[in-house]
Amino acid sequence: MNLLEYHAKTGVLGPAGIKVPNGRWCEDPEAAALAAAELGPSVVKAQVPTGHRGKAGGVRMVDTPEQAHAAARELLRITFAGHRATAVLVEERAPVAREFYAAVLYSPRERAPLVMFAAEGGMDIEEVAARGTDTIRRQLVMSPDRFHTADAAAMLDDLGLDHMKPRIADVLTRLYRRYRETDAELIEINPLAELADHTLVALDCKFVLDDAAAFRQPSHLAVAAADPATELESRAAALGLKYIELNGSVGILANGAGLTMTTMDIVRHFGGHPANFLEIGGDAYVKAGSALELVLDNPRVRSLVVNFCGAFARTDVMACGVIEAWQRLKPAIPVFFSVHGTGEEEAVELIKREFAKDPFDLMEDAVRAAVAAAQ
Amino acid sequence: MTAFPILRRTDRVLVQGITGAQGTFWTERMLSVGTNVVGGVNPKRAGRKHLDLPVFASVRAAVAAMPIDITVLFVPPAYVRDAALDAIEAGVRGLVVLTEHVPIQDMLTVFARARVLGARIVGPNTAGLVTPGEAFVGIMPGHNKNVFRPGRIGVISRSGSLGTLICLNLTRAGLGQSSFVGVGGDGMLGTTTEEALRALDRDPRTDAVVLVGEIGGAMEEDAAGYAATMAKPVVAFIAGRAAPPGRRMGHAGAIVTGNAGSHASKREALERAGVTVVDTPHDIAAALFARLRLPVQDTV
């Protein structure tokens, strides 16, 4: 999950001693006008957890409180990639001499943290790479608890940074320490600005919190921006189920991420359109009943495919959940089963007894029948 | 010397978290196929027996009492780091981490230590390893003869459920498996698809490899680079073609951002490497038959 820029700056960078511009969190245009009156020439930035905000018009330069008021009013109305800003950040405008890029992430190939720096900033790192200017430096941290200023300084040779080198190395080590202790999946400062007086200021910050570690980062979790979710997706999240609502008419209930994605793929392969992604793998397999209820509450669903292949998940337990929900909800749509793996014999018996038909042997045939029935 | 990540019956297996409900359920099944489980770990039950196996306070204590080749972790996410470090410091060379939702920073610590001490990790978020007719570790139906049969096809999968379905299809088509390697669904894994592919390429009991991938990351693209150098045929199925971009599809690693990690990118890389990429799991067996006969047809 992502933090908004304001929370990344005040909650992550600030406490690490990385400077950020003086700014105010403003939830309405009046607050933005007051902030601009206090701060002078400012930047008004929509607080949305999405990239390319600047290109989408989410950042405005203002010189007066009246301009700040107008900018905030507009930014609080626009939707950016599905996100509506609930606040704007009004920041003092800094006299920038030079812009850099700094980030810490991990390398799946090396299974190690990766510190990145570029002597050009303010644009996507992919754009910098495409320019072929050899200004990007990458440093793997093979002992993750050891990344010191000397390691950071060693990254910064031959970039023409001169007297700025120690200051940048200091920011990189602070950023790295923050990456480790805040359970970040990614921290990116872009741009990291050198001001006229040579101080370094983080003008923007992207922070992605590792979902798996959110439980031990309560202060960041409390302000993490929620992904845009439909009503059904919010209900699923409350139940601890991974559900994604889609536009099609073939409802899907499967176990395991891989099998569920494959079921969606096969629906498309036969010319149909999936109505959802919903997997009840892992520990969630005991929730088959409430999962089915979610699938059926999508009014676009016209047929249902239930595709179980039990490994960890027991198909007999899942079949019980499906049958319990089916008896309770009495849906008026056709359902097509394919069931294999752990608990298969019991599951097939249960399904035959309740639905008076055998599951399909091949998942492809079950999906094909469900696609035909939805048309 | 073990062939890890290919599992052998001779591998001496320790189960961390053996006394829990899942640890017990799956250890019984591992034992039922002949897996050489020699003991378990639970700090609170040390000194007792569970499933007739000795329970130790730590991996270090277990290693002091008996040789261990592989440890399999049935441990909750917040405890994986310390359990894995215990195993690595004790000198165990093979770790199978089944747990989903292990914090990234914890795994970075574990991987760094494993690198220094020469341990290999499979997972996290893997369904485990199966060598039909010999042994299995993890949460796969390795005891189910409808799913797994001994044979000469190696299978690599990020997903347990889809990997199970594909092994079942192979078994029905008369194609037994030499080894199943579940690499796991996370974005950073101790054994990548490419590393598993190298192991199966070296394995004299494997004639061909089925690569079961999914969207997200670059593991399939990386594996393609190696597949291009292989004499053994490789057939691939990549899940997630119909997935909407920018959404995480159940697995932490299954997300497409921009062009990176897309189905099209993986398919193109694999096909360029001479891998047969099929559209449905059902097509895998037919593709294998065609590919395994190819050299014969060439020499006619």
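The values are calculated or read from the model by the stated rules, or taken from the named source; none is laboratory data. All values reported here derive from a predicted model rather than from experimental measurement. Cβ: placed from backbone, ideal geometry, glycine included. Neighbour counts: every protein chain shown. When the accessible area is computed, the model is the full protein with side chains, heavy atoms only, and any ligands, DNA or RNA have been set aside. Shrake-Rupley method; radii C 1.70, N 1.55, O 1.52, S 1.80 Å.
General remarks:
- Residue count for region A:8-34, restricted to those that are open to solvent by less than 60 Å² (accessible area, probe 1.4 Å), part of a helix (DSSP H, G or I) and under 23 Å from A:Leu175 (Cα atoms): 7
- Search result, residues across region A:1-48 that are polar (S, T, N, Q) and under 26 Å from A:His198 (Cβ atoms): A:Thr10, A:Asn22, A:Ser42
- Screening A:Thr182, A:Thr230 for residues that are farther than 20 Å from B:Thr257 by Cβ, within 14 Å of chain B (Cβ to nearest Cβ) and touching an Asp or Glu at 6+ places or on another chain (Cβ under 7 Å) leaves exactly one candidate, A:Thr230.
- Residues that are facing another protein chain (nearest Cβ under 7 Å), without any contact (Cβ under 8 Å) to a residue 60 or more places away in the chain, over 12 Å from the mean Cα position of the chain (by Cα) and buried (at least 24 other Cβ atoms within 10 Å of the Cβ) within region B:162-171 are absent altogether.
- Strands (runs of 3 or more DSSP E) enclosed by region A:174-273 - at least 2 residues per element that are in contact with a strand residue (DSSP E or B) (Cβ under 9 Å, 6 or more places away or on another chain) and of a type in the set (D, E, K, R): A:184-195, A:242-245
- Of the listed requirements (1) outside any helix (DSSP H, G or I); (2) open to solvent by 20 Å² or more (accessible area, probe 1.4 Å), A:Val44 misses just one: (2).
- For A:Ile168, the test of being outside any strand (DSSP E or B), β-branched (Val, Ile, Thr) and at pLDDT 90 or above is passed.
- The set of residues in region B:99-109 being open to solvent by less than 20 Å² (accessible area, probe 1.4 Å) and within 18 Å of the chain's Cα centre (by Cα) consists of B:Thr99, B:Val102, B:Met107.
- Counted residues, region A:81-97 - those being surrounded by 19 or more Cβ atoms within 10 Å (Cβ to Cβ) and farther than 25 Å from A:Ala37 by Cα: 1
- Scanning region A:187-209 for residues that are within 18 Å of A:Thr50 (Cα to Cα) and open to solvent by 30 Å² or more (accessible area, probe 1.4 Å) returns A:Glu188, A:Leu203, A:Asp204, A:Lys206.
- Total residues in region B:76-97, condition closer than 19 Å to B:Val137 by Cα, within 14 Å of another protein chain (Cβ to nearest Cβ) and open to solvent by 20 Å² or more (accessible area, probe 1.4 Å): 2
- Contact map, region A:147-167: residues that are closer than 21 Å to A:Arg180 by Cβ paired with residues that are modelled with pLDDT of 95 or more and among the hydroxyl-bearing types (Ser, Thr, Tyr), Cβ distance under 7 Å, separation 6+ or inter-chain. Pairs shown: A:Phe147/A:Thr173; A:Phe147/A:Tyr176; A:His148/A:Thr173; A:Thr149/A:Thr173; A:Ala152/A:Thr173.
- Single unsatisfied condition, B:Arg247 versus (1) in contact (Cβ under 8 Å) with a residue 40 or more places away in the chain; (2) within 9 Å of chain A (Cβ to nearest Cβ): (1)
- All positions within region A:323-352 that are assigned to a helix (DSSP H, G or I), touching a helix residue (DSSP H, G or I) at 6+ places or on another chain (Cβ under 7 Å) and within 14 Å of chain B (Cβ to nearest Cβ): A:Glu344, A:Glu346, A:Ala347
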